[in-house]
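Input: a single structure, listed below in structure tokens.
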């Protein structure tokens, strides 16, 4: 409403001025070169308006001509940005699909639209790796070498190309030099360590991962296991990580060798909730037994620990552990009691094994419908290829991935660290180097 009133007032004022000028046109005389020009206020106002209008037109035309090259560049830049955005969208999709031909096209478009060499050449390099075009990859690697900001990417890309070309000795040689040049770089030390681990040279594998001053969390389990495999003290490995069943099991053996059953029981107490591995209890109850008194002392310690945890564990592993420990101590009634707390539908061959020991001592016990109860027990599983085995390996026998075999009953999360070996090389674009500022 206020805007309407304002507009009405402005129109009223302008109309009043025009009407007044019409009623009182006045008289204007201009002498120019002995010529007398006579007019009125309306005429002079119209003349001034024409002069101002022509001046503005001239300035607009001049400005358009002057700024044409600049505007042309800006329009082209806006067009290229739009096309580059489309190419990036297509590139993301084709990277996931592994379509190397389309990756090449989009990378070249980005190089043209954004005048960018580093990113585009790196993408073209990886595209060649996807289709095993090692000559093409080497060509783009040579271009990367001449880009000042691409030195670090060039080094990592060189390692990947050498390894995928199966030049293992050259890969080691280059990694050794890079580890020396970059003593704090996690990526180079991890890859060199894992090359030695594949060869089962545990000592060198551990030495190179141990050279890092600050060990990242995703490598601590791996480093702890290497320390034990290379002959290091299990207690020192346990300070690196208590997530490894192998490290905990070897620590228990080490402590039992020193007759320190209390400390061994404490190790189980701290790790049982997340590991839930029956063989830890088997080791504790059977390793270096010195007599009946010793086994009863061990049972007293371990049963006290496990009874506090039995209600926390919804997987029946603690009940099974108590049943086994009781049978190992020849407390058959207690063993049968814990077995009975496990639903028959959840029984597998491990429960059957304990039950057979109990049934020999307690007459009249039997399993109902045994053919429905004889399930296979849990097995170690590779979280990369799902390979199953009754034994733990640091290196998966099936896919050669490192530190990916986990106990399915445990609460340890699957490994998420980048694998340098078989699984890593399936799609190298999944492992672009981290840039500054990434967490």
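The values are calculated or read from the model by the stated rules, or taken from the named source; none is laboratory data. Keep in mind the model is a prediction, meaning the values are calculated, not measured. When we count neighbours, we look across all protein chains shown, and the Cβ atoms used for this are built from the backbone with ideal geometry, even at glycine.
Checking each residue in segment 204-221 for being buried (at least 20 other Cβ atoms within 10 Å of the Cβ) and in contact with a helix residue (DSSP H, G or I) (Cβ under 7 Å, 6 or more places away or on another chain) picks out 205, 206, 208, 209, 219.
From the list 194, 227, the lone residue that is touching a strand residue (DSSP E or B) at 6+ places or on another chain (Cβ under 9 Å) and closer than 21 Å to residue 405 by Cβ is 194. If you check 143, 123, 160 for being part of a helix (DSSP H, G or I), farther than 24 Å from residue 222 by Cβ and within 24 Å of the chain's Cα centre (by Cα), only one passes: 123. Of everything listed in (1) surrounded by 13 or more Cβ atoms within 10 Å (Cβ to Cβ); (2) modelled with pLDDT of 75 or more; (3) over 60 Å from the mean Cα position of the chain (by Cα), the single unmet condition for residue 55 is (1).
Okay, residues lined up against (1) crowded, with 21+ Cβ neighbours inside 10 Å; (2) assigned by TED's automatic domain parsing to the domain that holds residue 325:
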site	(1), (2)
249	yes, no
254	no, no
271	yes, yes
281	yes, yes
286	no, yes
301	no, yes
308	no, yes
